[in-house]
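Chemist: Right, I'll just put the structure down here and ask away after.
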Amino acid sequence: MTGPFARRHGRRSSSARRRLYGFLAAGCAALMAATLSFGGAGAASAAPDSHSAALPAEHTAGHTAADGKLVGYFANWDVYQRNYHVKNIETSGSAAELTHINYAFGNVQGGKCTVGDGFADYEKAYTADQSVDGKADAWDQPLRGNFNQLLKLKQKHPGLKVLWSFGGWTWSGGFAEAANDPAAFADSCHQLLNDERWAGLFDGIDIDWEYPNACGLTCDESGPQAFTEVMKALRAKFGGDKLVTAAITADASAGGKLEATDYAGAAQYVDWYLPMTYDYFGAWDAQGPTAPHSPLTRYDGIPKDGFDTTSTVEKLTGMGVPPGKLLLGLGFYGRGWSGVTQAEPGGTATGAAPGTYEQGIEDYEVLKGRCPSTGTVAGTAYAHCGDQWWSYDTPQTIGSKSDWGSGQGLGGSFVWELSGDTPDGELIKAIR
């Protein structure tokens, strides 16, 4: 592969590179804090911010960049049909690459953060061969399930942080009520994350609201400031020593979802945003046209302007969100159509391609063998096999995308989600 998306580095340096970025970010944060302490007030007053007084001092000084982050979502439902467990994060080599794990999902009910799946989260018993440390759960121990396994994983990797992610596509409807009393919502989340049963597990909270003041599975009418008020309340409650992050829309089209909410105003309260730069296109448009679900750039014939990663990043930074607070979203899966005769993008289809768990979607681990890549477009791969057409990222395109993100000054990358990778972590090890 040649050109701007050619791979330039080997894998061995990826973890070291992220550690170096983290070290440099910490150094820059300390230097900035020192500068502000010794006469930097003039610079701060040159760009007044009406919300800055509400920020805890620790957050202002200590959380200045997300450089070198690699965040992986781990979904609690993975332990069922997928048979993917916390131990797989270790044995695949993913834990050694990750800086953070976002545990998906907690629910939002009655204006509060609530447990999403108690059995998977803290009740499921693990045998010795299933456990991260090779020790079986006892029948009477107070904590089992994913939470106990994640604590064991953190013991193996002391620098690894875990955040609890709330909402998601299915459970975002609850945020409307939460937005009616942001302080009460934030208090409920803080209490749940700090429950004594899993003390020491969670290092912060991730909000996946799909979508504030816009439509997802349900339509939200909370107004353009609701998201900002929720994030402000969370930061006030969690302070500067815990992480507050948010997965947000990637819709950069004119009049699209990014314009429906004041993401720039809320950015001061978050450590970083995770724009979901995937699922731009898919077989919900059953007749096509076929298009890559995670294009890095525009291309001739793209079905909709503003539906590519570059446009998303440019829109957010143009609004005033610092690039260092944006992580590059990478999907460990593909989306596909059936009834397709055209090998290149832009063909017609008759419906969604078959998938193991859901029509029109399949894990990279499966697609790499079932429908190998036959071409690339806009920095991502596509494949035409029989009458099926799929798009997905490969180690080569992921490596190139992460190089692009570094060149843009982004704070790192995140992946949805870990179970889609191969057992030896082909994709996550390609991120650099």
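Chemist: Limited to region 264-317, what total is found for residues that are more than 17 Å from Pro345 (Cβ to Cβ), among the acidic types (Asp, Glu) and more than 17 Å from the chain's Cα centre (by Cα)?
Modeler: Final tally of qualifying residues: 1.
Chemist: Only one of these is buried (at least 23 other Cβ atoms within 10 Å of the Cβ), touching a residue at least 12 places away in the same chain (Cβ under 8 Å), more than 26 Å from Pro275 (Cβ to Cβ) and among the hydrophobic types (A, V, I, L, M, F, W, C): Val108, Val79, Val115, Val71. Name it.
Modeler: Result: Val79 is the single residue among Val108, Val79, Val115, Val71 that is buried (at least 23 other Cβ atoms within 10 Å of the Cβ), touching a residue at least 12 places away in the same chain (Cβ under 8 Å), more than 26 Å from Pro275 (Cβ to Cβ) and among the hydrophobic types (A, V, I, L, M, F, W, C).
Chemist: Now for a separate question. Answer yes or no as to whether Gly346 is among the small types (Gly, Ala, Ser), part of a loop (DSSP other than H, G, I, E, B) and surrounded by fewer than 18 Cβ atoms within 10 Å (Cβ to Cβ).
Modeler: Criteria met by Gly346.
Chemist: A further question follows. Could you check region 313-343 and list, in sequence order, the residues that are in a loop (DSSP other than H, G, I, E, B) and under 11 Å from Trp390 (Cα atoms)?
Modeler: Matches in region 313-343: Val340, Ala343.
Chemist: Which ones in region 271-304 are over 23 Å from Thr374 (Cα atoms) and in contact with a Lys or Arg (Cβ under 7 Å, 6 or more places away or on another chain)?
Modeler: Hits for region 271-304 are Trp272, Tyr273.
Chemist: Scan (1) without any contact (Cβ under 8 Å) to a residue 24 or more places away in the chain; (2) within 21 Å of the chain's Cα centre (by Cα) for the single condition Lys161 breaks and write down its number.
Modeler: (1)
Chemist: Does Ser406 fit the bill of being of a type outside the set (A, V, I, L, M), buried (at least 16 other Cβ atoms within 10 Å of the Cβ), more than 21 Å from Ala291 (Cα to Cα) and touching a strand residue (DSSP E or B) at 6+ places or on another chain (Cβ under 6 Å)?
Modeler: no
Chemist: Then there's this: Among (1) more than 26 Å from Arg298 (Cβ to Cβ); (2) under 19 Å from the mean Cα position of the chain (by Cα), there is one condition Ala236 misses while meeting the rest; what is its number?
Modeler: So Ala236 meets the others, but not (2).
Chemist: Now, a different point. If you take the residues in region 71-93 that are among the small types (Gly, Ala, Ser) and in a strand (DSSP E or B), which one is farthest from Leu160 (Cα to Cα)?
Modeler: Checked region 71-93; the qualifying residue farthest from Leu160 (Cα to Cα) is Ala75.
Chemist: Quick one: would you say Gly306 is in contact with a helix residue (DSSP H, G or I) (Cβ under 9 Å, 6 or more places away or on another chain), surrounded by fewer than 24 Cβ atoms within 10 Å (Cβ to Cβ), on the phi > 0 side of the Ramachandran plot and not hydrophobic (A, V, I, L, M, F, W, C)?
Modeler: yes
Chemist: Out of the residues in region 384-405 meeting the condition of being in contact (Cβ under 8 Å) with a residue 24 or more places away in the chain and among the small types (Gly, Ala, Ser), tell me which one is nearest to Gly351 (Cα to Cα).
Modeler: Result: Ser391.
Chemist: Let me ask another. Return the only residue of Ala252, Ala236, Ala247, Ala266 being within 16 Å of Gly174 (Cβ to Cβ) and in contact (Cβ under 8 Å) with a residue 12 or more places away in the chain.
Modeler: Of Ala252, Ala236, Ala247, Ala266, the one residue that is within 16 Å of Gly174 (Cβ to Cβ) and in contact (Cβ under 8 Å) with a residue 12 or more places away in the chain is Ala247.
Let's see how each residue does on (1) farther than 20 Å from Ala75 by Cα; (2) modelled with pLDDT under 95; (3) crowded, with 20+ Cβ neighbours inside 10 Å:
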position	(1), (2), (3)
Leu160	no, no, no
Trp171	no, no, yes
Ala183	yes, no, no
Trp198	no, no, yes
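Chemist: If you check every pair at least six apart or on different chains, which have Cβ atoms under 7 Å apart with a residue in region 83-104 that is in contact (Cβ under 8 Å) with a residue 24 or more places away in the chain and under 20 Å from Phe202 (Cβ atoms) first and a residue that is β-branched (Val, Ile, Thr) and in a helix (DSSP H, G or I) second?
Modeler: Qualifying pairs under 7 Å: His85/Val79; Ser94/Ile428; Ala95/Ile89.
Chemist: Considering region 127-177 alone, what residues qualify as being aromatic (Phe, Trp, Tyr), under 20 Å from Asn194 (Cβ atoms) and out of contact with any Cys (no Cβ under 6 Å at 6 or more places or on another chain)?
Modeler: Quick first cut of region 127-177, residues aromatic (Phe, Trp, Tyr) only: 139, 147, 164, 166, 169, 171, 175.
After this cut, where a residue has to be under 20 Å from Asn194 (Cβ atoms) as well, the list is 147, 164, 166.
Within region 127-177, Phe147, Trp164 meet the criteria.
Chemist: While we're here: Pairs under 9 Å by beta carbon, first residue closer than 20 Å to Gly93 by Cα and free of Cβ contacts under 8 Å to residues at least 60 places away in the same chain in region 123-148, partner of a type in the set (Lys, Arg) and in a loop (DSSP other than H, G, I, E, B), six or more apart or different chains?
Modeler: Ala128/Lys135
Chemist: Mind telling me which of the residues Gly409, Gly405 ends up being under 25 Å from Thr245 (Cβ atoms), not in a helix (DSSP H, G or I) and not hydrophobic (A, V, I, L, M, F, W, C)? Lay out the reasoning, then the answer.
Modeler: On the way: Gly405 fails: not in a helix (DSSP H, G or I).
Answer to the selection: Gly409.
The values are calculated or read from the model by the stated rules, or taken from the named source; none is laboratory data. Note that the structure is predicted; figures quoted are calculated from it, not measured. Cβ: placed from backbone, ideal geometry, glycine included. Neighbour counts: every protein chain shown.
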